[in-house]
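I have placed the structure first, in the form of structure tokens, so that the comments after it can refer back to it.
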Amino acid sequence: MTNLCAISRIFLLCALLLAANAWAVPAGTVTHISGTLAAMKADGASRLLSVKSIVESGDTLSTEKDTFARIRFTDGGEVVLRPNTVFKVDSYGYDTSKPKEDGFFVSLMKGGARFVSGLIGKRNNEAYLLKTAGATIGIRGTDYGVLVCNHDCKHLKDGTYTHTYEGIIHHKNKHGDLDCAAGEGCYSDKDAPPVKLRDIPDDIDFFVPASFLDMGGDTVLDGSGHTECLIR
């Protein structure tokens, strides 16, 4: 009886581990990195990422000073994070044969990033949302930059700033909503309706290392990759 119980416990443990791994579906891969990029899991465990590291749904990514990082998602979309940025993949799902189950729901809590939407944004734009303190941003297949200011932008008041390079994005908060087309800059604050900017602040745009400039390509900085470093 003891052996049967032990075998049952082992079987249950294996089943739980397999279930956990089934949920750990990759959302994207780090293709470029310059500096330190950390990821925190939903359970609080953290690790340092390198080129070819996997990013999963639920991960919160943080860049250090002078760190740029590029993540390519499985639907072909891309995000480039600038220094001192905190970005979370709240929920991600993509299956080429199941468009109704698409989901690209992310949050930018601090700093800035450039987003290029993939197939999720093109075939099911209602399944694509970026959350910030000032607004929820939706898209219609696009390329855009975002900057979140919270007492850390020297020349700008707090809020969410965007610059649309291609397509259209949509700012929305409890006070109103606004379309922001290609070539336009928009601003959202949690206490007021979104507005268009007469002049787009230079702070929204940022320059990345030359090796990052192949947005939309598959080049990586280090083809051999690196071992991830666990932080205990």
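So the values come out like this:
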item: Unique residue being over 13 Å from the mean Cα position of the chain (by Cα), outside any helix (DSSP H, G or I) and closer than 23 Å to Leu61 by Cβ when the list is Gly138, Gly183; result: Gly138
item: Members of the range 94-112 found to be among the basic types (Lys, Arg) and touching a residue at least 40 places away in the same chain (Cβ under 8 Å), listed by number; result: Lys110
item: Search result, residues across the range 77-93 that are without any contact (Cβ under 8 Å) to a residue 60 or more places away in the chain and either aromatic (Phe, Trp, Tyr) or under 18 Å from Phe212 (Cα atoms) (or both); result: Gly77, Val79, Leu81, Pro83, Thr85, Phe87
item: Residue list for the range 78-96, restricted to those being within 18 Å of Arg123 (Cα to Cα), in contact with a Ser or Thr (Cβ under 6 Å, 6 or more places away or on another chain) and surrounded by fewer than 21 Cβ atoms within 10 Å (Cβ to Cβ); result: Ser91
item: Within the range 188-210, considering residues that are free of Cβ contacts under 8 Å to residues at least 12 places away in the same chain and not in a loop (DSSP other than H, G, I, E, B), the one farthest from Thr31 (Cα to Cα); result: Asp202
item: Unmet criterion (only one of (1) surrounded by 20 or more Cβ atoms within 10 Å (Cβ to Cβ); (2) at positive phi) for Gly121; result: (2)
item: Test: residue in the range 145-155 that is in a loop (DSSP other than H, G, I, E, B), at pLDDT below 95 and farther than 18 Å from Val86 by Cβ; result: yes
item: Per-region count, the range 113-133, residues more than 12 Å from the chain's Cα centre (by Cα) and either without any contact (Cβ under 8 Å) to a residue 24 or more places away in the chain or more than 17 Å from Val80 (Cβ to Cβ) (or both); result: 9
item: First in the range 28-57 and at positive phi and at pLDDT below 95, second anywhere and assigned to a loop (DSSP other than H, G, I, E, B) and crowded, with 17+ Cβ neighbours inside 10 Å, Cβ under 6 Å, 6 or more apart; result: Gly35/Thr67
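Conditions tested, residue by residue: (1) crowded, with 18+ Cβ neighbours inside 10 Å; (2) touching a strand residue (DSSP E or B) at 6+ places or on another chain (Cβ under 6 Å); (3) not hydrophobic (A, V, I, L, M, F, W, C).
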| position | (1), (2), (3) |
| --- | --- |
| Gly111 | yes, no, yes |
| Val116 | yes, yes, no |
| Asn125 | yes, yes, yes |
| Thr142 | yes, yes, yes |
| His175 | no, yes, yes |
| Tyr187 | yes, yes, yes |
| Val208 | no, yes, no |
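The values are calculated or read from the model by the stated rules, or taken from the named source; none is laboratory data. It should be emphasised that the depicted structure is a prediction, and the values quoted were computed from it without experimental measurement. Neighbour counts are summed over all protein chains in view; Cβ atoms, including those assigned to glycine, are modelled from backbone coordinates with ideal geometry.
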